[in-house]
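The following block contains the structure, expressed as structure tokens.
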Amino acid sequence: PRTAKAANLPLPCLSSIAISTAIACHCRRRRRALLIAIGKYPDGGKNNLAVRKHPSIMSPVDATADALEHLESMSTLHPDLSEQYGTLSEKYERKLWHQLTVAVLDFVSTPASTLRTNAEGTNSYLALFDRVVLPVDKKLNQLALARIASAVAFSLLDDPPYKDGAAARAILENLLEERERLGPAAALHAEARLGLLDLTILARSGEALTSESSAEALEKTKASIEKGRPILAELADTESEAAAVHSAFYETAMTHRKAVGPPEAYYREAIQYVAYTSLSDLSPEERKNLATDLSLAALTGEGVFNFGEVVTAPALRCLEGTDLHFLVELLSAGARGDVHGFRRVADAHAEAIALQPSLVSRADAVKEKVALLALVNMVFERPSLERTLSFEDVADRVAVPLDQVEWVIMRALSLKLIKGTMDEVDQTVDVTWVMPRVLNEAQMSELATRFGEWAVKVSKTREYMLEHTGALLNQ
């Protein structure tokens, strides 16, 4: 009170000053933590007199001038990017925040062509984020801000001074301190990318997954994933940009499952990731790795029988013409229930299959899966009124001895691939239901033909009823 009286200020002004000072101190602490992480304070942050003021504690005029100065200097330093930096400068100066957000996101999404260094040798994305994005972060779309921050963070992993990941983590962790402002979608996106960042750093470290530190990191990521699932479910129908959040979440989830298994869990996450992700956003190497892992998980994963879901996925097209195309052929034969075709492909590519440990270790399980799919397809191909199958027909289609047919049928019933009753005396099985699944073009064409036949039968029944009902009513 004495300070306020001496300065001739009313008490409310003193409260405002105190709040402003506290906010400024908090921003300085966050800034210092980030700079220590990225090596800007070699002495641990003790001597920071020469460090430029952080934009968050500059006046709006100074922050704008600083941002425009940075964009101008980068345009001069990298003439081939002058058009892009000029566009950013124009949007910033005119305060077109939505357009600026879109332009920055597009810019940092192409590191192969736009990632450079500034005059001080700093990562150009980090400098852009620090001097251009952060001063106006409250005015930007928060989900787009989270996507920009994650792109900047991942760009640091390939930059020699920051390869330890401390700076990359600091960017996302600092962003998550503003969780309430971000909202559920942006916060979940940042959490997911932070989890993926940790998994990437762990993979690059070469440390055994069984070590204590690795196990702790994997468990932390798992907990974050499970915590985010309910939030993701709520976003499905309420967020217009939910696809970006789903893609980020499932990428982290499938990467975690690739590290810890089992293959069927990886398959469930990966097939969701493919559904929400544009393949054009992935590099050729990433597309090939995804297609390979997805194919192997479908073949070897326990309880995965919907091969059509994988075969029709655009991701598998990148295996065409490669030494791994046999995986697509195996999946296609399995989806058709073609046991003999599957065996022909397996025999023709025996050497390549021997190089895939998962296929070798689960060879018997894969053969069983194909046999069960053959039974499922056999039922599907029969009209609904002709689904009483003899054991001999099943043995011929599934390519097993007659004495093993009963086991195959019981296995299919236990896995709920089919429903029905088996007569061991007459050696028949009466199927009343078959597992729904994704169909290929030939199967869809066959189904369309059946619908046409059904429509004809319904029409004839209608005509019969009209013809004979009149006579009954006239009696």
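Which of (1) crowded, with 22+ Cβ neighbours inside 10 Å; (2) at positive phi does GLY195 not meet, given it meets every other one?
(2)
Go through segment 116-160 and count every residue that is touching a strand residue (DSSP E or B) at 6+ places or on another chain (Cβ under 8 Å), over 30 Å from LEU232 (Cβ atoms) and either acidic (Asp, Glu) or assigned to a helix (DSSP H, G or I) (or both).
Of the residues in that region, 2 qualify.
Here's something else I'd like to know. Being hydrophobic (A, V, I, L, M, F, W, C) and more than 20 Å from GLU329 (Cα to Cα) narrows it down to one of LEU372, LEU413, LEU359, LEU355, so name that one.
Every option except LEU413 fails the conditions.
Just checking, which of THR210, THR300, THR252, THR221 is among the polar types (S, T, N, Q), farther than 21 Å from ARG317 by Cα and touching a residue at least 40 places away in the same chain (Cβ under 8 Å)?
THR252
For the structure I just gave you, tell me whether LEU182 is touching a residue at least 24 places away in the same chain (Cβ under 8 Å), crowded, with 16+ Cβ neighbours inside 10 Å, under 23 Å from the mean Cα position of the chain (by Cα) and under 17 Å from SER224 (Cα atoms).
no
Which members of segment 282-297 meet the condition of being touching a residue at least 24 places away in the same chain (Cβ under 8 Å) and not β-branched (Val, Ile, Thr)?
Of everything in segment 282-297, those that are touching a residue at least 24 places away in the same chain (Cβ under 8 Å) and not β-branched (Val, Ile, Thr) turn out to be PRO284, ARG287, LYS288, LEU290, ALA291, ASP293, LEU294, SER295, LEU296, ALA297.
Related question: Can you pull out every residue in segment 94-106 that is touching a residue at least 12 places away in the same chain (Cβ under 8 Å) and either touching a helix residue (DSSP H, G or I) at 6+ places or on another chain (Cβ under 7 Å) or among the aliphatic types (A, V, I, L, M) (or both)?
Once the filter is applied, which keeps residues that are touching a residue at least 12 places away in the same chain (Cβ under 8 Å) and either touching a helix residue (DSSP H, G or I) at 6+ places or on another chain (Cβ under 7 Å) or among the aliphatic types (A, V, I, L, M) (or both), segment 94-106 yields TRP97, LEU100, THR101, VAL102, ALA103, VAL104, LEU105.
Within segment 87-106, track down each residue that is open to solvent by 50 Å² or more (accessible area, probe 1.4 Å), charged (D, E, K, R) and closer than 21 Å to PRO60 by Cα.
Passing the criteria: GLU90, GLU93, ARG94, LYS95.
Can you tell me how many residues within segment 288-304 are in a helix (DSSP H, G or I) and among the acidic types (Asp, Glu)?
Residues that pass the stated criteria total 1.
Tally the residues that are closer than 13 Å to THR292 by Cβ and either part of a loop (DSSP other than H, G, I, E, B) or among the hydroxyl-bearing types (Ser, Thr, Tyr) (or both), restricting the search to segment 305-319.
Within segment 305-319, residues that are closer than 13 Å to THR292 by Cβ and either part of a loop (DSSP other than H, G, I, E, B) or among the hydroxyl-bearing types (Ser, Thr, Tyr) (or both) number 1.
List, please: which pairs have Cβ atoms under 6 Å, are six or more places apart or on different chains, and start with a residue in segment 413-432 that is within 18 Å of ALA374 (Cα to Cα) and end with one that is assigned to a loop (DSSP other than H, G, I, E, B) and open to solvent by less than 90 Å² (accessible area, probe 1.4 Å)?
LEU417/MET435; VAL431/ARG387
Now for a different question. Out of GLU234, GLU219, which single residue is in contact with a helix residue (DSSP H, G or I) (Cβ under 9 Å, 6 or more places away or on another chain) and surrounded by fewer than 17 Cβ atoms within 10 Å (Cβ to Cβ)?
Matching residue, one of GLU234, GLU219: GLU234.
Kindly indicate which of VAL328, VAL274 is hydrophobic (A, V, I, L, M, F, W, C), farther than 30 Å from ALA399 by Cα, open to solvent by less than 30 Å² (accessible area, probe 1.4 Å) and in a helix (DSSP H, G or I).
Within the list VAL328, VAL274, the selection yields VAL274.
Additional query: Does PHE326 qualify as being touching a residue at least 12 places away in the same chain (Cβ under 8 Å), farther than 30 Å from ALA185 by Cβ and touching a His at 6+ places or on another chain (Cβ under 7 Å)?
When the stated conditions are applied, PHE326 passes them.
Then there is this: Could you look through segment 346-376, keep only residues that are open to solvent by less than 20 Å² (accessible area, probe 1.4 Å) and under 31 Å from the mean Cα position of the chain (by Cα), and pick out the one that is nearest to ALA259 (Cα to Cα)?
Going through the qualifying residues, I end up with LEU359.
Tally time: how many residues in segment 107-157 are surrounded by fewer than 17 Cβ atoms within 10 Å (Cβ to Cβ) and either free of Cβ contacts under 8 Å to residues at least 24 places away in the same chain or small (Gly, Ala, Ser) (or both)?
Here the count works out to 8.
The values are calculated or read from the model by the stated rules, or taken from the named source; none is laboratory data. A quick note: this is a predicted structure, and the numbers were derived from the prediction, not measured. Because the Cβ atoms are built from the backbone with ideal geometry, glycine has one as well, and the counts that use them run over all protein chains shown. The accessibility values were calculated without ligands, DNA or RNA, using every heavy atom of the protein model including side chains. Shrake-Rupley method; radii C 1.70, N 1.55, O 1.52, S 1.80 Å.
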